[in-house]
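First up is the structure itself, then whatever we jot down about it.
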Amino acid sequence: MTNGQQPIPLARPQVGGREEELLLDALRSRRLSLGPMLGAFERSLGQRLGAENVSAVSSGTAGLHLALRAAGVEAGDEVVTSPFSFVASANSILYEDARPVFCDIDRRTLNIDPAAVAAAVTGRTSGLLPVHIFGYPAAMEALEKLAVQENLWIVEDACEALGAVHADGRAVGARGNLSVFGFYPNKQLTTGEGGAVVSPNADLKSQIDSERNQGRAPDMDWLDHDRLGFNYRLSDIACALGVAQLEHLDTMLADRARVAARYGEALAGVDELDLPCPDAGGDRRSWFVYVVQLPPSVDRDDTIRELRVRGIDSKPYLPAIHLMSFYRERFGHREGEFPVCEDVARRSLALPFFPELAEGEVDRVATSLREVLDASRASASA
Ligand SMILES: Cc1ncc(COP(=O)(O)O)c(C=O)c1O
């Protein structure tokens, strides 16, 4: 039911003629995996980031797994990370039988708060896994300082942050830590499924290249394996998409920023509605999603339902990881542990957001949200 209005989805990837052309090239090459598109994608992405050692992999999750292994995580290690993230960032730590230790987030940026990270470090902590959530750069300088003091490694989850830039001018993911990007269709750049790991040196890149390919070195025969490996390869078809997407990434990022700015204008001044934080201190967000925090008294499920009636998709984004049943049962987490994260998770609502969202559609979403919130307030005070 959409009240006769065209439905507006939450996300929609932008693909065009160049993607079709390069996909055909990949098909015609008959090299559908480990072919020329793999290296082409890795090189273009590296150039874009200002990083030399890029490994394309089958997903952001696979990338996190390989990056953690490359960092040297071991069973029983504690890894400090964010409870306000997509679940894969914490799950990847469990893949190596290490333990995700959560800490609370900064209310403005929604990234882990360096002071809370410092307080969560123990003698068993081996590393930090900060997430650049919603494309906003995490406070890497403070985290890197802490990592040096405490002798910790860092793996950055930059899955949502391709195109973001730190105050010092370095691209997010290109600071010299192991960093991971994701290319699912809702991301700034998509390969359908896919991801990439940026390594600080060529040795770690070769370890990752080998482990993504069943533990083979580049000079080995197909059935030779000299270490434990996985099938985390990204096909040449997916890499072809990636090469084409990189060619128009800047335009897509600019379009996302334009849509976000329009939302900002259209939703300004709504009482108790918190909008995504503007850039500050020289850090630059790469717009990934447009997530608002609803006024505390508003029922989010009702809001989602009312928006749906008006043909508008929206969803809670993100739930707190430590309160998911699996994490509660396994680690005994409970409500109240990370109050900022829990408050944000309770109130957050993702609105439709993608590069081709027209101004009129943004305005329709904003007007509808205003109406729904006004109606909710009116019924609460009746
Ligand atoms: C913060 C974060 N980490 C990890 C991932 C996992 O990436 P993928 O879905 O490509 O495995 C995602 C993507 O959804 C993400 O948003």
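Sequence-ordered 3J(HN,Hα) estimates for segment 353-368 from the Karplus curve with 6.51, -1.76 and 1.60 and θ = phi - 60° stand at 7, 6, x, 8, 5, 7, 4, x, 6, 4, 4, 5, 4, 5, 5, 5 Hz, glycine and proline given as x.
Across segment 244-367, the mean sequence separation of Cα contacts (distance under 8 Å, 6 or more residues apart), normalised by length, yields a relative contact order of 36 percent. Largest GNM mean-square fluctuation across Leu64, Leu110, Leu24, computed for the chain with C-alpha springs under 10 Å, falls on Leu24. For the chain, a Gaussian network of Cα nodes joined below 10 Å ranks Leu246, Leu66, Leu178 by mean-square fluctuation, and the top entry is Leu246. Put a dot 7 Å past the Cα of Gln47, heading toward its Cβ, do the same for Ala358, and the two dots end up 3.6 nm apart. Across all Cα atoms of segment 56-153, the radius of gyration (one decimal) and Dmax (whole number) stand at 12.5, 35 Å. For segment 336-382, the residue among Ala375, Phe354, Phe338 whose Cα projects farthest onto the positive side of the dipole built from Cβ charges is Ala375.
Using θ = phi - 60° in the Karplus curve 6.51 cos²θ - 1.76 cosθ + 1.60, the 3J(HN,Hα) couplings for segment 28-42 round to 5, 5, 6, 10, 8, 9, 6, x, x, 5, 4, x, 4, 5, 4 Hz; x is entered for Gly and Pro. Ordering Gly182, Cys159, Gly135 by Cα displacement along the dipole of segment 95-199 toward the positive end leaves Gly135 in first place; charges were set at the Cβ atoms of Lys, Arg (+1) and Asp, Glu (-1). With Cβ to Cβ distances under 14 Å as the rule, what net charge do the other residues near Gln47 carry (K, R +1; D, E -1)? Net local charge, Gln47 excluded: -2. With contacts taken as Cα pairs under 8 Å at a separation of at least 6 residues, the chain carries a relative contact order of 23 percent. Largest GNM mean-square fluctuation among Gly163, Gly192, Gly336, using the chain with Cα springs under 10 Å: Gly336. Using only side-chain charges placed at the Cβ, +1 for Lys and Arg and -1 for Asp and Glu, the dipole size of segment 28-76 relative to its Cα centre rounds to 380 debye.
Taking R0 as 30 Å, what's the FRET efficiency between Arg18 and Val340 from their Cβ-Cβ distance, rounded to 0.05? It comes out at approximately 0.10.
Taking 0.36 nm per residue of sequence separation and removing the Cα-Cα distance, the Glu329/Asp374 pair yields an extension gain of 12.3 nm. Among the chymotrypsin sites (Phe, Trp or Tyr not before Pro) in segment 179-269, those placed in a DSSP loop whose Cβ has at most 11 other Cβ atoms within 10 Å are Trp222. Backbone phi angles across segment 50-63, fed through the Karplus curve with coefficients 6.51, -1.76 and 1.60 (θ = phi - 60°), yield HN-Hα couplings of x, 9, 8, 10, 10, 10, 7, 9, 6, 6, x, 4, 4, x Hz in residue order; Gly and Pro are listed as x.
Among the protein heavy atoms, those of Val198 account for about 10 Å² of accessible surface (1.4 Å probe, every chain in place).
Tally Lys/Arg at +1 and Asp/Glu at -1 over every other residue whose Cβ is under 12 Å from the Cβ of Val197; what's the total?
My count for the surroundings of Val197 gives -2.
Computed from the C-beta positions of Leu34 and Ala75, the FRET efficiency with R₀ = 35 Å rounds to 0.65.
In plain terms, the chain is cut at each of the GluC sites (Glu not before Pro) found in a DSSP loop with at most 12 other Cβ atoms within 10 Å, and the longest leftover piece is 75-334. Projecting label points 7 angstrom from Cα along Cα→Cβ for Arg258 and Leu228 puts them 4.9 nm apart.
Once the Cβ-Cβ distance between Lys315 and Asn151 is put in as r, and R0 is 25 Å, what FRET efficiency do you end up with, to the nearest 0.05?
Given R0 = 25 Å and the Cβ-Cβ separation, E is 0.05.
Where in the chain lies the longest segment free of trypsin sites (Lys or Arg not before Pro) that are both loop residues by DSSP (not H, G, I, E, B) and have at most 10 other Cβ atoms within 10 Å? That gives 31-333 as the longest site-free run.
Surface calculation, 1.4 Å probe, protein heavy atoms: Phe84 sits at approximately 0 Å² accessible.
All other residues whose Cβ lies under 10 angstrom from that of Ala115 are scored, Lys and Arg at +1 and Asp and Glu at -1, for a net of -3.
With the helix formula -39500 (n - 2.57) applied to DSSP H stretches of n ≥ 4, the chain reaches a computed 222 nm mean residue ellipticity of -12500 deg cm²/dmol.
Could you work out the mean projected area of the convex hull around the alpha carbons of the chain, in square nanometres to one decimal? If you can, show how the numbers build up before the last one.
Numbers: hull surface 81.2 nm².
Over every viewing direction, the Cα hull of the chain projects on average to 20.3 nm².
Of the beta bridges in the chain, as assigned by DSSP with both residues counted there, near 55 percent are antiparallel.
The values are calculated or read from the model by the stated rules, or taken from the named source; none is laboratory data. This structure is a prediction, so every number in the text was calculated from the model and none was measured. Reconstructed Cβ throughout: ideal geometry from the backbone, glycine too, with neighbour counts over all protein chains shown. For the accessible areas, the whole protein counts, side chains as well, though only heavy atoms, and no ligand, DNA or RNA atoms are used. Shrake-Rupley method; radii C 1.70, N 1.55, O 1.52, S 1.80 Å.
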